[in-house]
């Protein structure tokens, strides 16, 4: 079984996510944005083997504790190439505006659309969904979508940042997310889970074509 565990962390109430395989105990940690010391203890208590740390995109709330997680686990840190520069630049990752600039370690692995990431006996297929951030990625395994800040429960990611694009985001949601099976559960970067079918019908910002 592919398990999804989520925790709301940090001052931005961001969902950090650990996906793990019941059969092999292998895991992927998505967006270490806070409370990493607690989560490292949780990982150890369940004898999980984290194989990668993955950022859905490069904004501060999603990368704030990359260094803590990577230093403790010694596994590759991964992000899309278009958001790589955000890791080391507080202006680009928006932390400069919080009063607590964040500098993350550089990426060990760059991710692109069409790649797959193994999580034990399961795989995530990667889709590039620019708009909220140029390098935003979502991760699909049958029945599951880890969506970062693309689409939320009856909402979508902000597009008022300097490198955001409302048109790109809406196009990406329609073409890459709304075309997935309607029963797919969406685990967003903020807020409660939703589903593809629900958002196609009820999202007031992006309706299905």
Exercise for the section: Of the conditions (1) surrounded by 15 or more Cβ atoms within 10 Å (Cβ to Cβ); (2) without any contact (Cβ under 8 Å) to a residue 24 or more places away in the chain; (3) out of contact with any strand residue (DSSP E or B) (no Cβ under 8 Å at 6 or more places or on another chain), residue 126 clears all except one; give me its number. Expected result: (3)
Practice task
Kindly provide the set of residues from the stretch 178-206 that are in contact with a strand residue (DSSP E or B) (Cβ under 6 Å, 6 or more places away or on another chain) and under 18 Å from residue 124 (Cβ atoms), ordered by number.
Solution key: 184, 185, 186, 187, 188, 189, 193, 195
Handout entry: Hits in the stretch 1-11 - residues which are modelled with pLDDT under 95 and crowded, with 16+ Cβ neighbours inside 10 Å
Key = 10
Exercise for the section: Determine, yes or no, whether residue 4 is touching a residue at least 24 places away in the same chain (Cβ under 8 Å) and touching a helix residue (DSSP H, G or I) at 6+ places or on another chain (Cβ under 9 Å). Expected result: no
Exercise for the section: Evaluate the stretch 158-177: report whether one residue or more is assigned to a strand (DSSP E or B) and modelled with pLDDT of 95 or more. Expected result: no
Handout entry: Some residue of the stretch 159-166 being under 16 Å from the mean Cα position of the chain (by Cα) and without any contact (Cβ under 8 Å) to a residue 40 or more places away in the chain
Key = no
Practice task
Output the residues belonging to the stretch 12-32 that are crowded, with 20+ Cβ neighbours inside 10 Å and in a loop (DSSP other than H, G, I, E, B).
Solution key: 31, 32
Fill in the blank from the handout: Only unsatisfied item for residue 182, checking (1) in contact (Cβ under 8 Å) with a residue 24 or more places away in the chain; (2) farther than 19 Å from residue 13 by Cβ; (3) in contact with a helix residue (DSSP H, G or I) (Cβ under 8 Å, 6 or more places away or on another chain), is (1)
Handout entry: Residue list for the stretch 1-19, restricted to those being within 15 Å of the chain's Cα centre (by Cα) and within 18 Å of residue 116 (Cβ to Cβ)
Key = 4, 17, 19
Exercise for the section: Tell me which residues, restricted to the stretch 138-157, are crowded, with 18+ Cβ neighbours inside 10 Å and in a strand (DSSP E or B). Expected result: 138, 139, 140, 141, 144, 145, 146, 147, 148, 151, 152, 156
Handout entry: Flag if residue 79 is over 19 Å from residue 9 (Cα atoms) and either surrounded by fewer than 19 Cβ atoms within 10 Å (Cβ to Cβ) or at pLDDT 95 or above (or both)
Key = yes
Exercise for the section: Would you be able to say whether some residue in the stretch 38-50 is in contact (Cβ under 8 Å) with a residue 40 or more places away in the chain and buried (at least 20 other Cβ atoms within 10 Å of the Cβ)? Expected result: no
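The values are calculated or read from the model by the stated rules, or taken from the named source; none is laboratory data. Keep in mind that this is a model prediction, so the values were computed, not measured. Glycine also receives a Cβ, built like all others from the backbone with ideal geometry; neighbour counts cover every protein chain displayed.
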